[in-house]
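All remarks here apply to the structure that follows.
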Amino acid sequence: MLGHAQFAQELAKLAKDIRKIAAKAPNEATVATNFELKLYGQVKHRLQVEFEPVKEQSIDTKRHVKKGRLDSRIGALVIEYKQKSQLDTPKVQAKAVSQIKNYMEHLPDDFKHGAVGVLTDGWRIKFVSYSEDDSFTETAFEDLSGAHLLRIIRGVLSLEKKALTPNNLIAGFCEGDSSPAKQLALALYDALDTHPTGRSNMLFREWQAIFRLAHDDLSKQKAIEERRSALAEALDITITKGDNETEYKALYAIQTSYAIIVKAIAFKVLTSIRANDTAPGFAVLAEGSTETLRSHLDRLESGAIFRQEGFGNLLEGDFFAWYCTNEQWDKHIGVAVKQVFAILAEYENHHMFDGGRVQDLFKDLYMAIIPDKVRHSMGEFYTPPWLAEQTILEALGTTRPKKWTALDPCCGSGTFITSLIRLVLEESKALPDGAKLREVLARVKGIDLNPLAALTTRINYFINLSHLIGEEDEFEVPVYLGDASYVPKPKKIGKVQCLEYVINTEKGPLNLLLPKSAVDDVAQFSKTMTRLETHIENENEVAVAKELRSIILATDLTTEVQQEIAGLAKNLVDLQRNKWNGIWARIISNFLTTANLGRFDVIVGNPPWIDWKNLPQGYRERIKQLCIDRRLFSGDGITGGINLNVCALISNVAAQNWLKEGGIIGFLMPENLIFQQSYEGFRKFYLDGDKRLYFQRLVDWNKAGKPFAPVGHRFLGFFIAKPVRDYAQGVPVIQFEKKPNDKEANIFPLKNYAHCQRFSDMAHIFNRTDIVALTTGTSTAFSYATNMDEGKKFALVAGECPYLGREGVEVFPQELFLLTVDKTKSVRKGKVYVSNYQSDRSKHKIAAGNFLIETDMLYPLVKGTDIERFHVESSPYVVPFPYDDHTRSPIKSERLTTLAPNLMAYLNANRSSFEEQTAYNDKIIGEKHKNEFYALARVGLYSYGDYFVVFRDNTKWQAAVVSKLPVPWSDEGKRPVFQNHAVSISQRADGEFITEDEAHYICAIFNAPIVAQFILKSSDSRTFKIRPPVNVSPFDPKNEKHRKLVVLSKQAHIDHANPKLMSKHNKELDQAYLALLKTL
């Protein structure tokens, strides 16, 4: 009834009648009586439903000394009536809105969240919604119409049902040890494990090719073990180490359960938009036969139910539609899916009661269903909505283009997309619903390579527009499955402009080469590819080719093009013949469409942060040439020139393919992109034809309280566009720092704002500071500076250091190499008793023991944490270092047995542990010097200097000079061995060892406060370059300014623990170093 045209006409007439009387009403009581008699009378007449509103309810408010009074309330629907004159001007309207918001804030807790307020004088009307995050969304004041009355009726009818909110979805599907989501995942896992069909196996294998999990990466074993354990716990199963197949099946089952739930929710919303008396309701499906449910789900999964209502590219037969075929379906799946429908039967139809509130409905549900250890192992850390909005607003700027368009090429669950939709709707609030709908569809689009993410964003998109969709509206959801780092590229067949792409399947590559004219009409292309599925199922190559030719310009149908079409038709039908079909036509449609989306004013998002070395090998090979073509590799093999983060590639590809001439990119990406040498190519940001883009500004979130908690990734907002920037003159940087928690000032932990949609609602919890980032000299790496005056000093400091730092030795495993001397026992014939290192966090569990080892082969160890400013703290550890002086290869075992038989016996007893060294360490050592199993990585001539400048390569920038360190068995001390993270300088550029004065000269420069500031503001603090980019001229003992620095360093080593004296030395160090720089 609610959707029938006749009922809509009756409500339109009713609205006119109400307005007519309201125009002359002498007081608000008359307005209220007229409104309710007519509206509720119509409901009783047509729907046989009676309502009893609560009238004049007393309520405590914060703005009035006495209690306020609500005019009318039914459940969480609050109606406040006003006389017409009380809503005639903006001033009185604002007062009335403030009043109803105040009332809503003080409703009882059991229904205030999700409450909807209606403010009306019978002539005009406004809706105000109260969100779970204690924020309001509101419509504009509009002339009362039948559509407004329909919204009130729908809201009242759904009062006995639950609101479709993120919290309610989690409560309904995820709470309890045997939650409905878990029961569904268990049933799906059992089907996959015990009786999968050929089609199910096909979809599983193709899904598996996308979700390549790391299994053998030694550096990530802990995360891999945690992921495996989390998946096993989620399904109450056992997954043994190395059982990768079970691990994949568990994840596939869990993801499928999530997909089923969100698809069912999409169908729930569809039933509220399109009145269909013949369609079975949720309660009927939950209570009926499992076969009826299966048949319904089969149509739902194929997208047929949505397409017949005019909605394309929503549910289109994906990797998660395997469970509902007649061959795969079983009673356990049926029972579990029935439970899903039974739960959703209790929910109101979303757009009926909550229209206008735009949010990411599924992010929390996804995080509740998919274990966090699993998400984190795949690099999934979702963006808080307030951060997405801030990034979008920063990209749009204060003078945003009229009717701006936006793309999120890595849209995840849809957080950026929903923020974009909200902004478009706010700009379009004066337009009719249909026009608002068309504005959003034309201006907001998304892409994601993850099929689950693309599905989620599509449904989020659809639901957040559901309150605008009329009976006659039809559209395609503009969110596409595609790869933002590998977009179809143009290629000509003769004179015909085509698009070329390769989709890798488990049955081999699917090569696509189609004329661009085929995808010029995106909607038509999508519909054609959907029809193609039927011809493929019929194994009719001729019909497939004919269908493809029908959407290509006649002038493009050359002989060569027709041969390509025939080849594609054959390949698609061959996949069907091999039982490997069901998804490819629609996947082709999505991937090729991404090449024809047009260009956008803003491209925003949070692209995946995945290092090159962590990408699957096949994918690396696929995009390697593209990275070379885009000049993204730095070309510096020593400093990681063949390394890259995939987000750098995505930003470049997105700009090349989708950014308008005057557009801007706004991406959240790792901070180290502005510092590290390996991103030099990215920072130059070349596009085709030697065009370049430039960083316009940066937003620094590193002190903002961990927006991606529990991890503390250092990241920035990057805003990149065409206007040329002289980086030496600085790029503006906005720094946000979280203020201390203060209840009185309404400042709480950042996690309390996880659902806050608007940055303006919580901007008060941050301090904002404006600084600059600039480059110095010929380097493309950036440094932060408080202002340009500091930047000019940094420009002097920046330069080259002719003294090469060397990383410390890789002592592996620590549990055998790190030894402590038992000082209670005396030295016995040149040997001491030692105990091996133990730690609860050790990867290698090696039993503790006491050993008698020759002192000639033991050396004091310097760890990075032992290095202080102008001082090296004596370490409790010694390490066996079985090397002759000035050699890179260890002493041969035969000779070591003679020189140090106890040490050789110790090494032999633990040979298997030593041999577990990684291939990476073996590569560093080199085949020439790996002559014994106890060879150490990073041993060279530099290990044997008389004097060393040592500094840390992470966290704290501080340096010291060291020659020998004390050992328990000798007053003379011994030359130390430096562990990794303790970087040492012992040689000049020509290989000669540095002198003591030379070491102090270098140390003085490194420890000058201006240098420390420069280094810290030129890195992410997690890694410092072993060759610091500091202006250090070769030491000249005759140079007075050099000698001044030597004296200061020697004195500072004496006074290092005296803060008062060090304060004086700091000033002198800066003065002496800057004075030297001015002479260079």
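If neighbour count is taken as other Cβ atoms inside 10 Å, put Met904, Met378 in order from fewest to most. Numbers along the way, then the final one.
Working: Met904 22, Met378 17.
The fewest-first ordering by Cβ neighbours comes to Met378, Met904.
Based on the Kirkwood radius over alpha-carbon pairs, what value in µm²/s does the Stokes-Einstein equation return for the translational diffusion coefficient of region 753-828 at 25 °C and 0.890 mPa s? All intermediate terms of the calculation are to be shown ahead of the outcome.
On the way: Rh = 19.0 Å.
Rounded to a whole number, D works out at 129 µm²/s.
Specify the inter-centroid distance of region 441-477 and region 949-972, based on alpha-carbon positions, in whole Å.
When both Cα centres are located, 61 Å separates them.
I need the calculated FRET efficiency for the pair Asn954 and Lys743, taking r as the beta carbon distance and R₀ as 51 Å, to the nearest 0.05.
Result of the calculation: an efficiency of 0.90.
So what is the relative contact order of the chain, in percent, for Cα pairs below 8 Å that sit 6 or more residues apart? Before the final figure, lay out the partial values.
On the way: 1906 pairs, mean separation 76.8, N = 1080.
Over the chain, the number comes to 7 percent.
Starting from the alpha-carbon convex hull of region 893-1042, give the projected area averaged over all orientations, in nm².
Working: hull surface 48.2 nm².
Orientation-averaged projected area of the Cα hull: 12.1 nm².
Computed over the Cα atoms, what is the radius of gyration of region 691-826 divided by 2.2 N^0.38 Å, N being its residue count? Let's see the in-between values first.
Values: Rg = 22.2 Å, N = 136, 2.2 N^0.38 = 14.2 Å.
Output field value: 1.56.
List Ile265, Ile628, Ile674, Ile21 from most exposed to least, where exposure is judged by having the fewest other Cβ atoms within 10 Å.
Numbers: Ile265 22, Ile628 13, Ile674 27, Ile21 17.
Exposure proxy ranking, most exposed first: Ile628, Ile21, Ile265, Ile674.
In nanometres, what is the gap between the two model label sites at Phe993 and Ser826, each 7 Å from Cα along Cα-to-Cβ?
3.4
Which whole-number percent of Cα pairs in region 373-496 have a distance greater than 27 Å? It would help to have the intermediate numbers written out before the result.
Values: 1963 of 7626 pairs.
Counting every Cα pair in region 373-496, those more than 27 Å apart make up 26 percent.
Does region 478-572 come out rounded, prolate or oblate by the C-alpha gyration tensor, with a ≥ b ≥ c the root eigenvalues, rounded set by a/c under 1.5 and, if not, prolate when a/b is larger than b/c and oblate if not?
Working: a/c = 1.22, a/b = 1.02, b/c = 1.20.
Verdict is rounded for region 478-572.
Output ³J(HN,Hα) for region 116-130: one whole-Hz value per residue in order, computed from phi by the Karplus curve 6.51 cos²θ - 1.76 cosθ + 1.60 with θ = phi - 60°, and x for Gly and Pro.
So the J values, rounded to whole Hz, are 10, x, 10, 10, 8, 10, x, 10, 10, 8, 9, 10, 10, 10, 9.
Within 10 Å of each candidate Cβ there may be at most 11 other Cβ atoms; applying that plus a DSSP loop requirement, which trypsin sites (Lys or Arg not before Pro) in region 234-263 survive? Present the calculation step by step, with values, prior to reporting the outcome.
Numbers: sites: Lys241, Lys249, Lys263; in loops: Lys241.
For trypsin sites (Lys or Arg not before Pro) across region 234-263 that sit outside H, G, I, E and B with at most 11 neighbouring Cβ atoms in 10 Å, the list reads Lys241.
Classify region 466-517: rounded, prolate or oblate, from the alpha-carbon gyration tensor (a ≥ b ≥ c, eigenvalue square roots; a/c under 1.5 rounded; otherwise prolate if a/b is larger than b/c)?
On the way: a/c = 3.09, a/b = 1.83, b/c = 1.69.
Since a/c reaches 1.5 and a/b is larger than b/c, the shape of region 466-517 is classed as prolate.
For the chain, what is the convex hull volume of the alpha-carbon atoms per residue, in Å³? Kindly include the intermediate steps, with their values, before the conclusion.
Details: hull volume 231.7 nm³, N = 1080.
In the chain, the Cα convex hull volume per residue is 215 Å³.
What is the dipole size for region 607-797, taken about its Cα centre, with +1 at each Lys and Arg Cβ and -1 at each Asp and Glu Cβ, in debye to the nearest 20?
On the way: 25 positive and 18 negative charges, 53 e Å.
Taking the Cα centre of region 607-797 as origin, the dipole is about 260 debye.
Hand me the trypsin sites (Lys or Arg not before Pro) from region 469-551 located in a DSSP loop with no more than 10 other Cβ atoms within 10 Å, in residue order please.
Working: sites: Lys491, Lys492, Lys495, Lys507, Lys516, Lys527, Arg531, Lys546, Arg549; in loops: Lys495, Lys507.
Counting only loop positions with at most 10 other Cβ atoms within 10 Å, the trypsin sites (Lys or Arg not before Pro) in region 469-551 are Lys495.
Can you bin every Cα-Cα distance in region 479-635 into 5 Å intervals starting at zero and give me the percent of pairs per bin, rounded to whole numbers?
P(r) for region 479-635, in whole percents per bin: 1, 8, 16, 20, 19, 15, 10, 7, 3, 0, 0.
Over 18 Å between Cα atoms: which of Lys20/Lys436; Lys1041/Lys1078; Lys20/Lys82; Lys403/Lys660; Lys706/Lys739; Lys863/Lys964 fall into that group? Numbers along the way, then the final one.
Working: Lys20/Lys436 28 Å; Lys1041/Lys1078 11 Å; Lys20/Lys82 15 Å; Lys403/Lys660 13 Å; Lys706/Lys739 13 Å; Lys863/Lys964 15 Å.
Going by Cα-Cα distance, Lys20/Lys436 fall outside the 18 Å limit.
Average the reciprocal distances over every distinct pair of alpha-carbons in region 607-797, invert the result, and give the Kirkwood radius in Å.
On the way: mean 1/r = 0.0552 Å⁻¹.
It works out to 18.1 Å.
What area, in nm² and to one decimal, does the C-alpha convex hull of region 814-1077 cast on average over all directions?
Mean shadow area of the hull around the Cα atoms is 15.7 nm².
If you average the alpha carbon positions of region 989-1007 and of region 801-856, how far apart do those two centres end up, in angstrom?
Going from one Cα centre to the other spans 29 Å.
With both partners inside the chain, how many of the DSSP beta bridges are antiparallel, as a percent to the nearest 5? Kindly include the intermediate steps, with their values, before the conclusion.
Working: 88 of 116 bridges.
Counting only bridges with both partners in the chain, antiparallel ones make up about 75 percent.
Determine, for Met762, Met788, the number of other Cβ atoms within 10 Å of each Cβ, and report the residues in order from fewest to most. Kindly include the intermediate steps, with their values, before the conclusion.
Working: Met762 21, Met788 15.
If I rank by nearby Cβ atoms, fewest first, I get Met788, Met762.
Could you give log10 I(q)/I(0) at q = 0.10 Å⁻¹ for region 168-478, computed by the Debye formula over C-alpha point scatterers of equal weight, without solvent?
Here log10 of I(q) over I(0) equals -0.58.
So how far, in whole Å, is the C-alpha centre of region 690-757 from the one of region 3-24?
So the two Cα centres are separated by 50 Å.
Expressed as a whole percent, how much of the Cα-Cα distance distribution for region 1014-1060 exceeds 15 Å?
Numbers: 681 of 1081 pairs.
Tail of P(r) above 15 Å: 63 percent of Cα pairs.
Throughout, read-outs are computed from the coordinates displayed, never taken from laboratory work. Here the structure is a predicted model, which is why all the values come from computation and not from measurement. A quick note on method: Cβ atoms are made from the backbone with ideal geometry, for glycine too, and the neighbour counts reach across all protein chains shown.
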